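Below: one structure, written as structure tokens.
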Amino acid sequence: MQKKALICGVSGQDGAYLAELLLNQGYIVCGTSRDAQMSSFSNLVRLGIRDQIKLASVALTDFRSVLQVLTKIQPDEVYNLAGQSSVGLSFEQPVETLESIATGTLNLLEAIRFIGAPIKLYNAGSSECFGNTGEQPADEDTPFRPRSPYGVAKATAFWEVANYREAYGLFACSGILYNHESPLRPERFVTQKIISAACRIAKGEQNHLYLGNISVQRDWGWAPEYVEAMYLMLQQDEPDDYVIATGETSKLEDFVAEAFACLGLDWQEYVTTDGSLLRPTDIVIGRGNPARAKEKLGWQAQYIMKDVVRMMIEDKQKDYL
């Protein structure tokens, strides 16, 4: 029997790459957005898979809407990648962030329990749940101390998943993903903002790049690899939670320097720190320990920050050809 997957949030970076992966695995792939008739699904179009995916509208914050789509599609696997996805924006829209992530996840869990079908659920967790762990890499047993409304929402969803797994025996797991980038990132994410600005500066179309705190450190990986980990989690005999990361940490300043160096530029001539871009609270160092994923899933990141920057620059330069 051909497996059927439902991807909530199929229009985003991870949703698009995951859809491509599952199609290659022979799945029937269905995707949702809040308004499928109005959404452009530009990422799916860019990957050339828009016409291969069955699309449906669903409001994850509405239990009836969730129940209807699960009953109609009857998926074997559900990937919950939906919800407000920007840490910075979560400080401006904390209620929307919490409802879209925590209530949306709860509705999926409760609908799966209500239906009683053996549906496997993947939930998109986040390294933002950990907050500051100092120099210590975080693993699956590291306590959560989130420092943003986004992190709080993701932590809530994580514990909802753990509770339903333990209380009702659902096959539900969370991937605690560290930062992962690709050409599909929109410019409201700082990595794409840097890549785009560096390319425009190299072409003489922009003079300066304004950034907030460039001393923060993050573990940056390649998004197409990270969706492979999501898929692998739902192919296991038992559900579990996994930290997905490269295990290597770099300063944002290093990311900037690498991007400009790829274009033969000295970043210090073009980058200015802007205090208005600083967040109320931020994580100083984000560092993950993906040992469990390597041991149990056989998953290990092949690309680190420098590779990610180079691939994003190369893709962005195609826009100028």
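The values are calculated or read from the model by the stated rules, or taken from the named source; none is laboratory data. As the structure is a computational prediction, the values presented were derived from the model and not from experiment. All Cβ positions, glycine included, derive from the backbone under ideal geometry; neighbour counts span all protein chains shown. Surface accessibility is based on the protein's heavy atoms, side chains included, excluding ligands, DNA and RNA. Shrake-Rupley method; radii C 1.70, N 1.55, O 1.52, S 1.80 Å.
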| query | For the range 2-98, what is the relative contact order in percent, using Cα pairs closer than 8 Å and at least 6 residues apart in sequence? | reply | 34
| message | If you wrap a convex hull around the alpha carbons of the chain, what volume per residue comes out, as a whole number of Å³? | response | 132
| said: Can you tell me the length gained on complete extension of the stretch T273 to A261, counting 0.36 nm per residue apart and subtracting the Cα distance? | reply: 2.4 nm
| request: Give me the accessible area of L277, 1.4 Å probe, in Å² rounded to the nearest 10. | output: 80
| task | Starting from the amide H of N213, placed 1.01 Å from N in the peptide plane, find each other amide H under 5 Å away whose residue is 5 or more places distant or on another chain. | result | R279
| request: Would you please state which residues of the range 116-138 a label at D282 would reach in this model, taking the label point 7 Å out along Cα→Cβ and a backbone N cut-off of under 18 Å? | output: 127-135
| field | Heavy-atom accessible area per residue - the chain, 1.4 Å, Å² | value | 45
| field | the range 190-229: GluC sites (Glu not before Pro) in DSSP coil with no more than 16 other Cβ atoms inside 10 Å | value | E205
| message | I want the antiparallel fraction of DSSP beta bridges within the chain, as a percent rounded to 5. | response | 5
| query | For the chain, which whole percent of the accessible surface, found with a 1.4 angstrom probe, sits on carbon and sulfur atoms? | reply | 46
| remark: In Å, the Kirkwood hydrodynamic radius from C-alpha pairs for the range 219-311 sits at 15.4
| field | Accessible surface, 1.4 Å probe, highest first, among residues R310, R188 | value | R188, R310
| message | Taking the Cα of K318, stepping 7 Å toward and past its beta carbon, and measuring to each backbone N in the range 35-70: which are under 16 Å? | response | 42-50
| Convex hull projection area averaged over all views, the range 107-266, Cα basis, nm² | 10.9
| message | Given contacts defined as C-alpha pairs under 8 Å and at least six residues apart, what's the relative contact order of the range 164-265, whole-number percent? | response | 40
| Once the Cα gyration tensor of the range 44-174 is diagonalised, semi-axes √(5λ) in Å | 26, 19, 15
